[in-house]
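**Q** The structure's right below; bear with me while I get my questions together.
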Amino acid sequence: MHHHNHYYGQAHILARYCGLDFRNPPRIRGYLQHGWNVGCGWNPVHEFFDGAWRFVWSEYPMRRGYALGRRNYKPIGAPWLYLLELERELAVGAEREGTLFFLFHGWEGGKITGKHKELVDEIRDTEPGPVTMSLYYTEYERPEVREPYLEAGFDIVSFGRRGFDYLGTDRQFMFRQLAALRRHRRVASNRLSTAIFYGASVGCDVGVYGDPMQLAGENPSFGGQGRLARLWPEMLGAHTDKDAVAACTERELGKRWLRSPAELRSLLFDAEPRLA
Amino acid sequence: MTDVSLVAGEMYDWTDDGPERGLARGTAWHALIAAALPVDGDVLVVGPHAASLVQAIADVSARVTLLVRSSQDALALASELPGVEVVAGALDGYVAARATTHDAVVALDGLDRVLSTDSEPRTWRSTLDLAQQLVSDAGTLLVTVPGSFRLSDVLDARPAHLRHGDDEWVPLYSDPSLPRSVREIGDLVPGATVLATYGPWDDPAALVPVPDLPGPGALSAVLAQAVRTTHREWLADPAEAATAAARAGLLRRGRDCWPLWPISGCW
């Protein structure tokens, strides 16, 4: 339906969960929310075909979308939750150490600006153990962004490319991310974002602090950083309350909306499952 | 730059000043403010109210805070109300952010448009609880309660799926916590004074203490006229329905009376 559905290999994960082709997932009957979102599930200028389903993680983007006159929402829970169902063993039991820090990333059309050296100092002051910096490839490939973290002695990882127009999708993106999160004690970021919820869902302690680094062209009608603090205060700060974070994470990932393979297949796909 | 404070739940690309239901305004509410509001008090106005009405409140109060959920309504109202603190956000967000009480809380638009898309869903009763938490001991609460058998809704010719457009974000009631008679309002808020209002939600035409309601014959005429002022297309002549209600004994006075009128208010 839309190439965003393939981002991070999420259509692939859902297809596998439904007993369908992981390598070449069948078309999804609508639009799949591909990351945590403070609005209606998508960016405000996303274009939609009338009548197509909007598959979102939880009821929260659904409610916001309805108020904007959008319809055909169906909460299904985050694809990440289906990955957890599929990969119950991956990196489980590994010794957890240190912090996986996700530098808030830009996207292919919006570059972030910020003070990386100051962030390095703040991470050093805050994190008790070794630090692994996760850079999205748009930052990883910019030496001026990468260098301060390398010089600080941090490990650097990049989980791959999410793909664009169905091409270059790294199907293992989220599998690598899951394995890495299960090997770390803490997950942190300079801005509340998708990976923080992923980390919290697999037992990482959460920290969100430091220069949030504005995204070029960011839409102020989302309320910006202030809105994050007003709506999700329990997720912010160098150290957070584990129970409050867990409750918020379940809500935002839409755990209560998780569907069975048969149910998800009938919602998302026209295809029949492969015979075993 | 107009100054607006923020609490959780502010809505963007949104206004509550719609064609079907605008900001609370008009002479009936001005009369209520003059009669019921403490003088020189600290007043919180909750929900979409017109600047003229808020200004009338400010004229007799020491301090006024206005809470609306739409950020654009907040900006527009703040530009017209220099002496009033305007807050954008939801009622639950306000309660969470500010541990404060007020001499009076005024919600003349009712409680249907005080929560936002970011709020957890709440019953009418638990939304009233939030408003009550903000009233100081011996303080005043003015809140509008929708009559559950409003003739203006019952006779609305539009099918249900056309009634609630994208300009509304209100609960569609099947909420058993919503009081259904004057007696139930009294049970919920002991000692409440209940007034009946007729006419459009945002600009009611009349405001009558329940004990002073006219008898069935006169009331049915008032009702029919009030229903017509909402300018909808009707399934049947409102006068016919109102007269039938009077004959059936549904317009009786007293605590068990059924709010057939478009709105009932309580204070």
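**Q** Over the range B:137-258, one equal point on each Cα, no solvent: what is log10 I(q)/I(0) by the Debye formula at q = 0.09, 0.15, 0.18 Å⁻¹?
**A** For the requested q values the scattering log ratios are -0.27, -0.77, -1.09.
**Q** By what distance, in whole Å, do the Cα atoms of the range B:1-92 stretch along each of the three principal axes, largest value first?
**A** So the three principal-axis extents are 36, 28, 26 Å.
**Q** Which value in deg cm²/dmol, rounded to the nearest 500, describes the helix-derived mean residue ellipticity at 222 nm for chain A, given -39,500 (n - 2.57) per DSSP H run of n ≥ 4 and division by the residue count?
**A** Helix-only estimate at 222 nm: -9500 deg cm²/dmol.
**Q** For chain A, what is one quarter of the convex hull surface built on the Cα atoms, given in nm²?
**A** The Cα convex hull of chain A, projected and averaged over all directions, gives 14.2 nm².
**Q** For the range A:41-69, list residues with backbone N below 18 Å from a point placed 7 Å from the Cα of A:D165 toward its Cβ?
**A** The answer is A:47, whose backbone nitrogens lie closer than 18 Å to the label point.
**Q** Computed on alpha carbon atoms, what radius of gyration and Dmax characterise the protein assembly as shown, expressed in Å?
**A** In Å, with Rg to one decimal and Dmax whole: 27.5, 88.
**Q** Compute for the range B:32-177: radius of gyration divided by Kirkwood radius, i.e. Rg/Rh, restricted to C-alpha atoms, rounded to two decimals.
**A** 0.97
**Q** Which whole number gives the average count of other chain Cβ atoms within 10 Å of the Cβ atoms across peptide B:92-98?
**A** Per-residue shielding by partner chains comes out at 1.
**Q** How many square angstrom of accessible surface are buried between B and A, both sides summed, with a 1.4 Å probe and rounding to 100?
**A** Using a 1.4 Å probe, the pair buries roughly 1300 Å².
**Q** With every protein chain kept in place and ligands, DNA and RNA left out, what is the accessible area per residue of the protein assembly as shown? Probe 1.4 Å, answer in Å². Walk me through the numbers on the way to the answer.
**A** Details: 23380 Å² over 543 residues.
For the protein assembly as shown, the per-residue accessible area is 43 Å².
**Q** Here's another thing I want to ask about it. How many partner chain Cβ atoms sit within 10 Å of a residue's Cβ in peptide A:225-235, on average, as a whole number? Write down the numbers at each step before the final one.
**A** Numbers: counts 0, 2, 6, 0, 2, 11, 5, 1, 3, 0, 0.
Partner-chain Cβ atoms within 10 Å, mean over residues of A:225-235: 3.
**Q** While we're on this one: Determine the share of chain A's accessible area contributed by carbon and sulfur atoms, expressed in whole percent, with a 1.4 angstrom probe. Show your work: numbers first, answer last.
**A** Details: 6160 of 12140 Å².
The nonpolar share, carbon plus sulfur, comes to 51 percent.
**Q** Report the percentage of all Cα-Cα pairs in the range B:116-182 whose separation exceeds 20 Å, rounded to a whole percent.
**A** 44
**Q** For A:R54, enumerate residues with amide H under 5 Å from its amide H, sequence gap 5+ or separate chain, H modeled in the peptide plane.
**A** Placed amide hydrogens put A:Y31, A:Y73, A:K74 under 5 Å from A:R54.
**Q** I'd like the carbon and sulfur percentage of the solvent accessible area for the range B:1-131, probe radius 1.4 Å, heavy atoms only, ligands and nucleic acids excluded.
**A** Ligands and nucleic acids excluded, carbon and sulfur give 51 percent.
**Q** Then there's this: Can you give the calculated 222 nm mean residue ellipticity of chain B, where each DSSP H run of n ≥ 4 adds -39,500 (n - 2.57) and the sum is split over every residue, rounded to the nearest 500 deg cm²/dmol?
**A** Only helices count here, giving -8500 deg cm²/dmol.
**Q** List the residues, sorted by chain then number, that are 5 or more residues from B:A24 or on another chain and whose placed amide H is less than 5 Å from its amide H.
**A** Amide H to amide H, under 5 Å and 5 or more residues apart or across chains, B:A24 pairs with B:H49, B:A50.
**Q** Taking accessible area as the heavy-atom solvent-accessible surface of the protein chains with a 1.4 Å probe, which residues of the range A:50-90 lose no less than 50 Å² upon going from the isolated chain to the full protein assembly?
**A** Those are A:R63, A:A67, which lose 50 Å² or more relative to the chain on its own.
**Q** Enter the mean number of other protein chain beta carbons within 10 Å of the beta carbon of each residue in B:7-20, as an integer.
**A** 3
**Q** Hey, another quick one. Can you list which of the chymotrypsin sites (Phe, Trp or Tyr not before Pro) found in the range A:1-67 are DSSP loop residues with at most 12 other C-beta atoms within 10 Å?
**A** Values: sites: A:Y7, A:Y8, A:Y17, A:F22, A:Y31, A:W36, A:W42, A:F48, A:F49, A:W53, A:F55, A:W57, A:Y66; in loops: A:F22, A:W36, A:W42, A:F48, A:F49, A:W57.
Sites meeting the loop and neighbour criteria: A:F49.
**Q** Binning at 10 angstrom from zero up to the longest distance, how are the C-alpha pair distances of chain B distributed in percent?
**A** Answer for chain B: a P(r) of 7, 31, 37, 20, 5, 0 percent.
The values are calculated or read from the model by the stated rules, or taken from the named source; none is laboratory data. It should be emphasised that the depicted structure is a prediction, and the values quoted were computed from it without experimental measurement. A quick note on method: Cβ atoms are made from the backbone with ideal geometry, for glycine too, and the neighbour counts reach across all protein chains shown. Side chains included, ligands, DNA and RNA excluded: accessible areas come from the protein's heavy atoms. Shrake-Rupley method; radii C 1.70, N 1.55, O 1.52, S 1.80 Å.
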